[in-house]
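The values are calculated or read from the model by the stated rules, or taken from the named source; none is laboratory data. Not measured: the values here are computed from a predicted model. All Cβ positions, glycine included, derive from the backbone under ideal geometry; neighbour counts span all protein chains shown.
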Amino acid sequence: MTHPPPQILEVAIPSPLRRRFDYLPPAGCDDPIAIGSRVQVPFAGQTLVGVVMACKPGSEVPAPQLKSAIAVLDRLPVLDSQLIELMAWASDYYQHPIGECISTALPNTLRKGLPVPTLEITCWRAASLADTQTLPARATRQQQLLQHLQQHGPASEHQLRQQGFSLRQLQQLHDRQLAERFTASPPVIREVTVQPGNIRLNDEQQAICDEFRQHPGGFATFLLEGITGSGKTEVYLQLIAHTLAQGRQALVLVPEIGLTPQTIERFRQRFDCPLAIFHSSLSDRQRLQHWQQARSGQARIIIGTRSALFTATTELGLIIVDEEHDLSYKQQDGLRYSARDMACMRAKLADVPVVLASATPTLESLHNAQTGKYRRWQLTRRAGDAAPPAIDIIDMRRQPLHDGIAEPALQSLQECLDKGEQALLFINRRGFAPSLICHDCGWIAQCPACDARFTVHQQAGQLRCHHCNTSQPIPRHCPECHSLSLIRTGVGTERIEQGLRSLFPDYPVFRIDRDTTARKGAMQAMLAQIHQQQAALLVGTQMLAKGHHFPNVTRVLIVDADQSLGGTDFRAIERFGQLITQVTGRAGRADKPGRALIQTHFPDHPQLARLVNRGYHSFALDLLAERRLLQLPPFSYQALVRLEDKDPQLATQTLQKLRQAVAGLPCLVIGPFPASLQRRAWYYRYQLLLQAGSRQQLKQAVATLINAADGIVRPHRQRWSVDIDPQDMS
Ligand code: ADP
Ligand code: ZN
Ligand code: ZN
């Protein structure tokens, strides 16, 4: 008898080492091992959980050194071949160790090596020789139950109970040996009932849906550019219905604060099928259950934030990325991936269409639409009867301010309240005031660990650092000169809330920020109250800008536009345009016309004027032309090397050496320069920016730098990372 050649497993192991490792199958294991299943392996004195990336006949590792895996944890792969391929692509594109990429793609519990739970459910069937005659005449329900099982075949206990049968009746049939209990995987139901919405698509929506239906299938990227309230979500629902009708699953990515119960409810109402929903407040167990439902094909629709992209599916047919411009799609640690970009890659590997949608698409996506890489869809009108808001700029110069609000704005708020409508005030700063200053000596309350001022949180009686979460009580007098004249300068949500309460004592004021919504359910409770109210004032941060539909809001006030105009990052102005457009888009979404007011000290700012007068699209094309001129992304490719050290000199020295390592390569290197927050949590933060004219050149430079880093970066005192396509340089 000939033995089959020994199988060698190529395993991805969560370690910073940038390679795969070879193992023999566990001793005594003769079963074939599926690619994509987890194995327990000995690694550097520990037992780790890795994923089998490939099986091969031989290894370059000499036989005596080759170790055996300890156990195979899965019979079915936890990552299918497409996901394996996707993560291998990510490892290469983001130049990140494969083991860490693979573990990013797994739910937490699977990462730890816990078993994939079974989905099996309790079912019932009639016993083979069961006869209703043997039941007493008065046991009519039991007779009906038995007949039901005989006529319709086995059914799940859950179904039977929904049909009005009780556990007791089932048990009685069981005791009489007329029915049998067994467990089975729930069936995959491909036919989904779609509830007809009571909405008639407008021409633009209809044209998009028609084009999608005529799409021959296969990979294609669509950029759906639709102004706020233009009915993008309605279009998603239609595209998904079409996908489901073909027996395929749909994956929908939403931004972190976009996944609201309102959103989920819209899906539930429309589709009568299990949804796999991934949001941050799921327990690990729930998450795994949803993951398992998606992988088994039972869940036909998968909705979630960034990491939902890695959910295994059986027959993916469509990916949608809602609010594709949202920064939460970019992971800011570990594998610094863009879920938007990886969604496109996944769609390509699965050969299915992907839809990127936004009222304010990124310049990257607009560029791709211009070059024909993406097909562009537009929704230029608001759905139903709603009209886009009129936008007014309020010149704040030389105006008296009442807790940050200028008089014309106050008047406008009053008008809105008089009509029984709601106004929303946006300021992207939590707390009462962004600084505490001594009026006598000029002392400023600073976080000891960061190069940042403390924010005053009046209600909590604390000074808090928004960068490292250090907090301390608000001092009564100045620690330098003991003066009692400590003043709070600038405004945050808390101050505006307080100001509004005294300016408009007859109306309810709601503050929505991370501080007021931290408690579970707090946000929901507040939203419910807001929906019940007539006239009311809403104050909040970014949280208010997305996902929520406030039918009664007709007025929006951007309290401090200058705050976002002054960023140092070259993307700051693009972000500004997106934020302003998204926030002002909250006004007048239903049948009442809306009005938005923007307070600024720079009313003549050319880009602000363009945004207000010509709209986001025109504003964005302008910026794109500028980027082309300056050869900034998307006309060049960037990587950001970040390095932190408690000693600023050592940080810059290390980066200097890294810079030398790539000298002579066709890649522009800028730096070392300090991050805009130069010190955070006691660490000094410095950066090196690499910019190249092609992906290939960038990749070569980054690979060279990473190779050299082994002998340059000091692993125990310095933290460092490489960010490909960096989005946030703060
Ligand atoms: P977006 O996602 O673009 O912000 P939504 O899909 O949430 O827009 O639509 C905004 C509102 O308009 C929702 O209340 C939605 O039910 C409604 N709507 C969408 N399409 C239509 C339509 N064709 N006719 C009437 N109302 C519509
Ligand atoms: Zn002082
Ligand atoms: Zn701090």
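Among all residue pairs at least 6 apart or on different chains, which show Cβ distances below 8 Å where the first residue, located in the range 615-627, is touching a residue at least 40 places away in the same chain (Cβ under 8 Å) and the second is among the small types (Gly, Ala, Ser) and crowded, with 17+ Cβ neighbours inside 10 Å?
These pairs meet every condition: Tyr616/Ala359; Tyr616/Gly577; Phe619/Gly577; Ala620/Gly577; Leu623/Gly577.
Can you tell which of Leu223, Leu253 is away from ligand 1 (no atom under 12 Å from the Cβ), surrounded by 20 or more Cβ atoms within 10 Å (Cβ to Cβ) and closer than 24 Å to Arg295 by Cβ? It would help to see each step written out before you state the result.
Details: Leu223 fails: closer than 24 Å to Arg295 by Cβ.
After ruling out the rest, the residue left standing is Leu253.
Under 30 Å from Phe222 (Cα atoms) and of a type outside the set (Asp, Glu): is that true of Gly404 in this structure?
no
Starting from residues that are buried (at least 22 other Cβ atoms within 10 Å of the Cβ) and of a type in the set (D, E, K, R), keep the ones in the range 337-363 and report whichever is nearest to Met729 (Cα to Cα).
Here the answer is Arg340.
Of the residues in the range 476-496, how many are basic (Lys, Arg) and either within 16 Å of ligand 1 (Cβ to nearest atom) or assigned to a loop (DSSP other than H, G, I, E, B) (or both)? Full working, then the answer.
Going residue by residue through the range 476-496, those that are basic (Lys, Arg) are 476, 488, 495.
Filter once more, keeping what is either within 16 Å of ligand 1 (Cβ to nearest atom) or assigned to a loop (DSSP other than H, G, I, E, B) (or both): 476.
Total satisfying the criteria: 1.
Being of a type in the set (Val, Ile, Thr) and assigned to a loop (DSSP other than H, G, I, E, B) is the filter; apply it to the range 559-597 and report the residue that is farthest from Phe426 (Cα to Cα).
From the range 559-597, those of a type in the set (Val, Ile, Thr) are 559, 568, 573, 580-581, 583-584; that's our starting set.
Cutting the leftovers down to assigned to a loop (DSSP other than H, G, I, E, B) gives us 559, 568.
On the way: Val559: 6, Thr568: 22 Å.
Filtering the range 559-597 for residues that are of a type in the set (Val, Ile, Thr) and assigned to a loop (DSSP other than H, G, I, E, B), the one farthest from Phe426 (Cα to Cα) comes out as Thr568.
Exactly one condition in (1) over 24 Å from Leu579 (Cα atoms); (2) small (Gly, Ala, Ser); (3) within 16 Å of ligand 3 (Cβ to nearest atom) is false for Gly431; which is it?
(1) is the only condition that Gly431 fails.
How do the pairs read when you match residues in the range 457-483 that are under 19 Å from Arg511 (Cβ atoms) and charged (D, E, K, R) with residues anywhere that are in a loop (DSSP other than H, G, I, E, B) and within 16 Å of ligand 2 (Cβ to nearest atom), using Cβ under 8 Å and keeping only pairs 6 or more apart or on different chains?
Arg464/Phe454
Pick out the one residue from Ser37, Ser81, Ser59 that is more than 30 Å from Ala350 (Cα to Cα) and among the hydroxyl-bearing types (Ser, Thr, Tyr).
Ser59
Limited to the range 665-690, what total is found for residues that are without any contact (Cβ under 8 Å) to a residue 60 or more places away in the chain and either more than 21 Å from Leu632 (Cα to Cα) or in contact with a Ser or Thr (Cβ under 7 Å, 6 or more places away or on another chain) (or both)?
Residues that pass the stated criteria total 7.
Going through the range 11-30 one residue at a time, which ones are modelled with pLDDT of 95 or more and either surrounded by fewer than 19 Cβ atoms within 10 Å (Cβ to Cβ) or touching a Ser or Thr at 6+ places or on another chain (Cβ under 7 Å) (or both)?
Asp22, Tyr23
Among the residues of the range 500-540, write down those that are closer than 19 Å to Ser412 by Cβ and part of a helix (DSSP H, G or I).
Those that are closer than 19 Å to Ser412 by Cβ and part of a helix (DSSP H, G or I): Leu500, Arg501, Ser502, Leu503.
List every residue pair whose Cβ atoms lie under 6 Å apart, where the two residues are 6 or more positions apart in sequence or sit on different chains, the first residue falls within the range 357-384 and is on the phi < 0 side of the Ramachandran plot and of a type in the set (Ser, Thr, Tyr), and the second residue, located anywhere, is within 16 Å of ligand 2 (Cβ to nearest atom) and part of a loop (DSSP other than H, G, I, E, B).
none
May I ask you to verify whether Ile474 is β-branched (Val, Ile, Thr), touching a helix residue (DSSP H, G or I) at 6+ places or on another chain (Cβ under 6 Å) and either modelled with pLDDT of 95 or more or closer than 21 Å to Thr263 by Cβ (or both)?
Answer is no for this residue.
Please state which of the following conditions Ile33 fails to meet, knowing it meets all the rest: (1) under 30 Å from Arg336 (Cα atoms); (2) surrounded by 15 or more Cβ atoms within 10 Å (Cβ to Cβ); (3) of a type in the set (A, V, I, L, M, F, W, C).
(1)
Would you mind stating whether Leu665 is more than 21 Å from Cys450 (Cα to Cα), assigned to a strand (DSSP E or B) and not hydroxyl-bearing (Ser, Thr, Tyr)?
Values: more than 21 Å from Cys450 (Cα to Cα): yes; assigned to a strand (DSSP E or B): no; not hydroxyl-bearing (Ser, Thr, Tyr): yes.
In short, no.
Inside the range 346-384, can you point out the residues that are under 22 Å from the mean Cα position of the chain (by Cα) and either within 16 Å of ligand 2 (Cβ to nearest atom) or in a strand (DSSP E or B) (or both)?
Pro353, Val354, Val355, Leu356, Ala357, Ser358
Specify the residue that is modelled with the lowest pLDDT; the eligible residues are those in the range 229-277 that are part of a strand (DSSP E or B) and of a type outside the set (A, V, I, L, M, F, W, C). Don't jump to the end; show me each part of the working.
Going through the range 229-277, the residues part of a strand (DSSP E or B) turn out to be 249-253, 271-272, 275-277.
Narrowing further to those that are of a type outside the set (A, V, I, L, M, F, W, C): 249, 272.
Working: Gln249: 97, Asp272: 90.
Residue satisfying both the conditions and the ranking: Asp272.
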